[in-house]
Amino acid sequence: MSTQAHKTSPWEAVTRFGRSIAVPLGAVVLALVIGAIIIQASGASAWKAYEALARGAFGNAHGWQRTLEKTTPLIFSGLAVAFAFKAGLFNIGAQGQLLFGAITAAWVGFAVHGMPPGIHAAVALTAGAVAGGLYGALPGALKTYTGAHEVITTIMLNYIAMGFTDYLANGPLKDTTPGNIVARTPQILESARLPTWGWLPFGFLLAIVASAFAWWLLQRTTLGFEIRTVGQNPHAARYAGMKVARTIILTMVISALFAGIGGAVETQGVVGRYEPGFNANLGFDGITVALLGKTDPFGVIPAALLLGAMRAGSNQMQFKAHVAQEITDVVQALMLFFVAADMIVRWLLRMRAAEEGEKITLSTGWGSH
């Protein structure tokens with residue numbers, strides 16, 4: 001007797017999608033509720049605070065532009081973290097990789113002359129991506145050949161990147177304009193800048209394309225299949241003849257490449273130079289974005305948009321509702337907490353424990369590869 005493969009009905013697909021986003025949405029709601037309690041306890045109005053935040057982020061064309069500018073590097077850093085997750089790797093080094101991408105794009109942007117606008121911008125962007133990718137190869141190689149865990153090595157490499165880029169911005173690459181005492185590079189040339197059409201930054205469109213590319217690479221290519229297989233069971237992947245070491249290194253390179261592009265876009269599309277402090281925490285926020293997005297390349301887009309809106313509207317919340325800007329950091333930290341400790345959200349929503357396919361493995365065991 002022949003059997004037919006089970007076909008997923010539209011209702012089952014909707015139900016599965018609802019389950020997949022229930023925990024992230026629950027985490028956001030819980031974080032906003034607790035944030036409202038903190039705001040009220042501080043003597044301000046939570047309603048006015050959130051209204052001011054929404055107006056600052058989406059109230060006009062300038063607000064939309066600022067929100068998308070804040071969102072763009074978060075998408076790239078979220079992609080960096082999410083992509084590494086697929087191979088069972090926890091890339092905490094997106095911050096350092098982003099910094100190298102940002103300062104490399106700045107150097108190409110101000111030091112290379114005589115190139116046409118579109119070509120110059122593309123070359124600077126590519127240079128930033130390559131710089132980030134090469135920096136990401138280090139923890140991948142260390143894990144593969146020495147067994148060093150990527151969590152430890154990427155944390156250490158972040159500090160190295162911060163110190164080295166600060167040195168470059170205050171030394172060999174410092175802006176020597178008379179009267180400048182700030183550690184920063186010179187302004188990039190106009191030919192290296194990324195355009196903005198109305199309120200729509202080009203970098204945001206590039207981030208959407210990068211998300212689509214990451215999804216295609218993971219779901220529609222042999223390399224993507226190998227990455228996912230290594231992430232699920234490296235021993236089985238090795239038994240099947242896959243080159244696990246090569247896959248780990250290549251995954252870290254691609255992951256870091258996304259972070260490097262994020263830094264380059266921030267330099268070429270927003271700041272116009274590299275200046276320490278302007279890129280602070282963008283790489284670390286990628287962890288929150290990746291977890292809120294369920295480590296899905298398309299899921300990081302709404303997650304980054306949420307955090308970008310909070311960053312863009314926080315000034316209005318501070319000025320109009322008299323709420324400290326740090327409150328947005330508290331809310332963001334609460335979101336990350338509730339996503340990581342998802343049993344709290346599941347208990348409140350009366351959901352069953354996560355099925356195997358819904359679990360997010362932050363990292364494989366020490367030396368398991």
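The values are calculated or read from the model by the stated rules, or taken from the named source; none is laboratory data. In this text the structure is predicted, and so the values were computed from the model without any measurement. In this analysis, Cβ positions are derived from the backbone assuming ideal geometry, glycine residues included, and neighbour counts consider all displayed protein chains.
Would it be correct to say that GLY118 is of a type outside the set (S, T, N, Q), modelled with pLDDT under 95 and either part of a helix (DSSP H, G or I) or under 26 Å from TYR159 (Cβ atoms) (or both)? Against the criterion (of a type outside the set (S, T, N, Q), modelled with pLDDT under 95 and either part of a helix (DSSP H, G or I) or under 26 Å from TYR159 (Cβ atoms) (or both)), GLY118 qualifies. Residue under question is PRO117, and the condition is that it be exposed (fewer than 14 other Cβ atoms within 10 Å of the Cβ) and in contact (Cβ under 8 Å) with a residue 40 or more places away in the chain; does it hold? Considered against the rule, which asks whether it is exposed (fewer than 14 other Cβ atoms within 10 Å of the Cβ) and in contact (Cβ under 8 Å) with a residue 40 or more places away in the chain, PRO117 comes out as yes. Filtering region 317-329 to residues that are farther than 11 Å from ALA52 by Cα, loosely packed, with under 15 Cβ neighbours inside 10 Å and not polar (S, T, N, Q) leaves only GLU326.
Regarding LEU206, is this residue over 20 Å from GLY277 (Cα atoms), at pLDDT 95 or above, within 24 Å of the chain's Cα centre (by Cα) and surrounded by fewer than 17 Cβ atoms within 10 Å (Cβ to Cβ)? No: the conditions fail for LEU206. When region 34-59 is filtered for residues that are outside any helix (DSSP H, G or I) and either under 28 Å from the mean Cα position of the chain (by Cα) or at negative phi (or both), the ones remaining, listed by number, are SER42, ALA44, SER45, GLY59. Inside region 60-80, residues that are out of contact with any Gly (no Cβ under 6 Å at 6 or more places or on another chain), part of a helix (DSSP H, G or I) and either free of Cβ contacts under 8 Å to residues at least 24 places away in the same chain or within 30 Å of MET252 (Cβ to Cβ) (or both) make up a count of 4. For the criterion of being farther than 25 Å from TYR135 by Cβ and buried (at least 17 other Cβ atoms within 10 Å of the Cβ), SER314 passes.
Which one is surrounded by the most Cβ atoms within 10 Å (Cβ to Cβ) among residues in region 280-311 that are among the small types (Gly, Ala, Ser) and in a helix (DSSP H, G or I)?
GLY286
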